[in-house]
1. Rounded to the nearest 5, what % of DSSP beta bridges with both residues in the stretch 175-373 are antiparallel?
2. Once the Cβ-Cβ distance between Ser188 and Glu286 is put in as r, and R0 is 25 Å, what FRET efficiency do you end up with, to the nearest 0.05?
3. For an R0 of 56 angstrom, estimate the FRET efficiency from the Cβ-Cβ distance between Glu196 and His84 and round to the nearest 0.05.
4. Relative to the present Cα-Cα distance, how much length would full extension add between Arg105 and Lys299 at 0.36 nm per residue of separation?
5. Amide H neighbours of Asn99 under 5 Å, at least 5 residues apart or on other chains, H built in the peptide plane: list them.
6. Would you be so kind as to identify which of Thr149, Thr310, Ser323 lies farthest towards the positive end of the dipole of the chain, taking Lys and Arg as +1 and Asp and Glu as -1 on Cβ and the Cα centre as origin?
7. Mind jotting down the distance between the C-alpha centroids of the stretch 258-292 and the stretch 92-126, whole Å?
8. Solvent-accessible area of Lys170, probe 1.4 Å, all protein chains present, reported in Å² to the nearest ten, please.
Amino acid sequence: MVKEATALETGSKTGVEEISVDGFDYIEFFVGNALQACYYYNRGFGFDVIGYRGLETGNRDAVSYVLRQEKVTIVLTAALHPDHAVSTHVMQHGDGVKNVAMRTRDVRKAYETAIARGARSIQEPTEVTDEHGTYVSASIATYGDTVHTFLDRTNYKGFAPGFTEVKNKKGDSVGLVSVDHVVGNVESTKLDQWVEFYSKIFGFHIYQYFDATDISTKYSALVSKVMANRSGSIKMPINEPFEQGLRKSQITEYLDFYHAPGVQHIAITTRDIVKTVKELRERGVEFLNAPATYYETLKDRVGEIDEDITELAKWGILVDRESEGYLLQIFTKPVQDRPTLFFEVIQRKGAKGFGKGNFQALFESIEAEQQSRGNL
Ligand code: FE2
């Protein structure tokens with residue numbers, strides 16, 4: 001069953017002061033070929049390319065492109081040499097998310113609090129001043145090889161020091177607005193350890209949780225807890241596989257190919273999901289398809305909605321109803337060779353959850369894909 005978190009499970013109620021973060025800032029991917037990944041997100045997803053660093057800017061070891069669509073910022077980084085940390089990361093994990101960065105007004109305090117509570121340091125607070133102003137950042141480790149950077153650029157014009165502005169690579173926006181949530185997969189029985197990490201170190205609380213009775217098929221199941229800050233600007237569900245099923249869980253498939261815990265999907269909001277998904281599909285972005293029977297029972301399940309069900313069926317968009325409203329969502333296929341990271345597009349119409357009613361339909365669809373990869 002889905003459970004609302006009780007008072008005891010909230011960080012604030014356990015006396016752990018929350019680390020003050022305003023929200024997700026950027027998400028950085030380590031990839032094998034940043035130039036080609038940039039083309040995919042620029043032409044496929046409609047992101048503007050706004051920043052660059054590489055050989056032309058004096059960066060001899062790695063290349064990064066910064067892309068933005070409204071409030072969503074992604075950074076694509078690739079190494080230029082085999083002994084670079086990005087090369088090692090890509091060899092181990094394939095293309096994937098390295099950094100889920102958060103904005104804060106006090107980087108030192110966020111970092112020092114996290115370290116004092118037991119977080120592992122990746123980068124101590126660093127202040128860089130150049131002609132654009134002062135940029136402060138620090139980083140800590142989270143699950144697998146993933147990190148969180150705390151950053152403050154309120155006194156900095158531009159993305160970050162070392163990046164040159166790019167003006168001539170605008171994307172044709174598909175209407176993506178902001179990062180809604182970032183989901184991690186961790187190993188079996190490790191979920192509670194990471195829930196404790198976000199509650200004891202960040203002071204976040206359990207916003208919702210789902211157990212195997214919510215998300216299971218004949219073959220596999222997963223357990224998920226959603227960690228969030230008080231303002232709700234950060235929501236990070238964490239999944240672990242639940243091996244009651246006959247065959248391999250989709251979370252286990254991820255872990256087998258990522259060779260570590262890591263980011264499973266990034267959910268991005270839109271104000272018009274039909275328009276966004278139509279655009280994405282027409283540009284070649286591939287999505288999971290809902291089972292054919294899904295739309296036959298949709299009206300009985302969700303009641304009256306503003307959207308035309310024929311249109312939703314045409315584009316494969318899922319709907320879930322909660323007490324406070326409903327949400328529309330769809331999931332892409334993995335966006336690299338390995339069956340690891342994917343995206344979700346979500347439009348919220350009052351609903352605050354994660355589409356629990358769709359988990360079943362989604363799971364069946366994911367398993368059909370797993371079957372085709374010989375990984376079920
Ligand atoms: Fe999601």
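The values are calculated or read from the model by the stated rules, or taken from the named source; none is laboratory data. As the structure is a computational prediction, the values presented were derived from the model and not from experiment. Counting neighbours? That spans all protein chains shown, and the Cβs are built from the backbone with ideal geometry, glycine included. Calculation scope for accessible area: heavy atoms of the full protein, side chains included, ligands and nucleic acids excluded. Shrake-Rupley method; radii C 1.70, N 1.55, O 1.52, S 1.80 Å.
1. Values: 32 of 40 bridges.
Close to 80 percent.
2. Working: r = 29 Å, r/R0 = 1.16.
For Ser188 and Glu286, the calculated efficiency is 0.30.
3. Working: r = 33 Å, r/R0 = 0.59.
The calculated FRET efficiency here is 0.95.
4. On the way: separation 194, 0.36 × 194 = 69.84 nm, distance 4.56 nm.
Length difference between fully extended and current span is 65.3 nm.
5. Answer set, sorted by chain and number: Glu28, Val147.
6. Thr149
7. So the two Cα centres are separated by 28 Å.
8. 140 Å²
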